[in-house]
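Chemist: Here it is: the structure, laid out below.
The values are calculated or read from the model by the stated rules, or taken from the named source; none is laboratory data. In this text, all values refer to a predicted model and were calculated from it rather than measured experimentally. Virtual Cβ from ideal backbone geometry, glycine too; neighbours counted across all protein chains shown. Protein only, heavy atoms only, side chains kept; ligands, DNA and RNA dropped before computing areas. Shrake-Rupley method; radii C 1.70, N 1.55, O 1.52, S 1.80 Å.
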Amino acid sequence: MANRNRLFWLGVLALFTAAFSASLRAATASSLKAQWVDPVAPLQAGEMIGAALGSAFLGFAITLFVASAFLDTIGMRRMLVGCGLCFLIGTGLIVGAGTIANGMTVYHLVWAGMLLSGIGWGLAEAAINPLTARLYPEDTTHRLNVLHAWYPGGLIVGGLAGVLPAAALPWQGIMALAILPAIGVVVIAATTTFPTTVQGERNIAFGEMIGEIFRRPSFFIWFGAMFLTAASELAPSQWIDVALSNRVGMRGILLLAYVSALIFIFRHFAGRIASRLSNSGLLWVSSLLAAIGLFMLSRAQSPVAAILASTVWGLGVAAMWPTMLASVAERYRRGGPWALGLVGSAGALSSFFVLPLLGGMFDRAKVEIAGGPGIFASLAPDAQRAVEDAAASASFERLALVPIVLLVVFGEIWFMERRKSRAG
């Protein structure tokens, strides 16, 4: 295929843009919260900023669900051009909200900008996952892991940009950096020829894709597992700067950049590991490490402890998302892009629900630890930070329960697969 390398690297750029934007949102969330949310809603600020960050995942989930079903109708080119435009407009809303409006309206504009960025991410994934499966049918697991290595790649670059001192760029200027790769996505997608999907080539109707899923109810086990794997990976990555920066004595976004570097490297080898261990075996080991890492993060009180905990967590979640996609692509081939879109939307919905829950747990814990809302509001800034540090520990400890459930799910699948292979 003449354009195979160009198409693959366009997919990389689109995913990089999504991750770069997500990392910048996480990096600027504390400043945004302090400047625009704390003054109007100090007791609900954690939940509100969690909801705003989560709105990107809502946009991702809905778009991925709908766009995957109509990939052949809309076309990959239009989807990726739309992806870039959504990041351009969404970033503009986040950056310009304080200039356009005031009070709670500013928050609503930020929420909408993050939602629109999530729609751009959904359009990217709806196109690039089936595109990669189409380009590399003989090596899908490895290539999807390499493609999705560039999600942490974008998080690394965004995380490093996110710690630029205010003297270099204010937080609005840092957030605006997401516009640059978005322009590249629009230009390259508009000037590239795309292949048909496997479904378009085989003339598989949408009804057949639905039938593949509902005829095989085991698909919904993978749908539920994707919800939990994303809660173990994506939700903590968005919350880490808000929750851990004060407690461990270093910017949480630097931890995210470090973890992303681990994931970037590991995903280049994960496909080879899965070929020896099996996808379900790799997912079981990943869940074990994720549970241990999240619990360690809940106890970390220093930069060294935080780095060690982040290493364990990062190695745990590294292969989860692309290996889940590859497992579904291999098991439910006639489900096509819609099957991939469904499990992807499950992962996005997870973060949409989990991030506000994390923020709500954080808000309730800080009020309980302080002794009541009035007491918390009257605390000096240093005392408030100490209370919030303790509340952050509680939120990560509860999140560590999620991958423990996955140990049971993937353990059962792995055991059944091994028993079947021995019997065969």
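Chemist: I need the helices (runs of 4 or more DSSP H) fully contained in region 1-74, keeping only those with at least 2 residues that are of a type outside the set (Lys, Arg), under 23 Å from PRO381 (Cβ atoms) and open to solvent by 10 Å² or more (accessible area, probe 1.4 Å).
Modeler: Counting at least 2 such residues, we get 4-32, 45-69.
Chemist: Turning to a different aspect of this structure: Any idea which of ALA133, ALA124 is modelled with pLDDT of 95 or more, part of a helix (DSSP H, G or I) and more than 19 Å from VAL37 (Cβ to Cβ)?
Modeler: Unique residue meeting the criteria: ALA124.
Chemist: Return yes or no: is ILE221 under 30 Å from GLY360 (Cβ atoms), open to solvent by 50 Å² or more (accessible area, probe 1.4 Å), modelled with pLDDT of 90 or more and not in a loop (DSSP other than H, G, I, E, B)?
Modeler: It is true that ILE221 is under 30 Å from GLY360 (Cβ atoms), open to solvent by 50 Å² or more (accessible area, probe 1.4 Å), modelled with pLDDT of 90 or more and not in a loop (DSSP other than H, G, I, E, B).
Chemist: With the checklist (1) more than 21 Å from GLY50 (Cβ to Cβ); (2) open to solvent by less than 10 Å² (accessible area, probe 1.4 Å); (3) over 15 Å from the mean Cα position of the chain (by Cα) in hand, flag the one item TRP338 doesn't pass.
Modeler: Result: TRP338 fails condition (2) only.
Chemist: In region 369-400, which residue that is touching a residue at least 40 places away in the same chain (Cβ under 8 Å), within 29 Å of the chain's Cα centre (by Cα) and open to solvent by 50 Å² or more (accessible area, probe 1.4 Å) is nearest to GLY224 (Cα to Cα)?
Modeler: Ranking the candidates gives GLU397 first.
Chemist: Next question. Determine which member of the set SER327, SER298, SER351 is out of contact with any Gly (no Cβ under 8 Å at 6 or more places or on another chain) and closer than 22 Å to VAL259 by Cα.
Modeler: Testing whether each residue is out of contact with any Gly (no Cβ under 8 Å at 6 or more places or on another chain) and closer than 22 Å to VAL259 by Cα leaves just SER298.
Chemist: Here is a list of conditions, (1) in contact (Cβ under 8 Å) with a residue 12 or more places away in the chain; (2) of a type in the set (Gly, Ala, Ser); (3) closer than 30 Å to ASN279 by Cβ, and SER421 meets all of them except one; can you say which number that is?
Modeler: Just one mismatch for SER421, condition (1).
Chemist: Another question about this same structure. Do any helices (runs of 4 or more DSSP H) entirely within region 149-204 hold 3 or more residues that are modelled with pLDDT of 95 or more and buried (at least 22 other Cβ atoms within 10 Å of the Cβ), and if so, which?
Modeler: 179-190
Chemist: Among the residues that make up region 322-334, is at least one of them of a type in the set (Ser, Thr, Tyr) and farther than 30 Å from ILE128 by Cβ?
Modeler: No: zero hits.
Chemist: Checking PHE70 against (1) closer than 24 Å to GLY153 by Cβ; (2) modelled with pLDDT of 85 or more, only one condition comes out false. Which one?
Modeler: For PHE70, the exception is condition (1).
Chemist: Just checking, does region 248-261 include any residue being of a type in the set (A, V, I, L, M, F, W, C) and farther than 24 Å from ALA29 by Cβ?
Modeler: Residues of region 248-261 that are of a type in the set (A, V, I, L, M, F, W, C), as a first pass: 248, 250, 253-257, 259, 261.
Subsequent filtering for residues that are farther than 24 Å from ALA29 by Cβ retains none.
No, region 248-261 contains no residue that is of a type in the set (A, V, I, L, M, F, W, C) and farther than 24 Å from ALA29 by Cβ.
Chemist: Contact list please: Cβ distance under 7 Å, first residue in region 1-25 and among the polar types (S, T, N, Q), second residue surrounded by fewer than 14 Cβ atoms within 10 Å (Cβ to Cβ) and not in a helix (DSSP H, G or I), pairs at least six apart or on different chains.
Modeler: That search, which allows pairs on different chains as well, returns ASN3/THR193.
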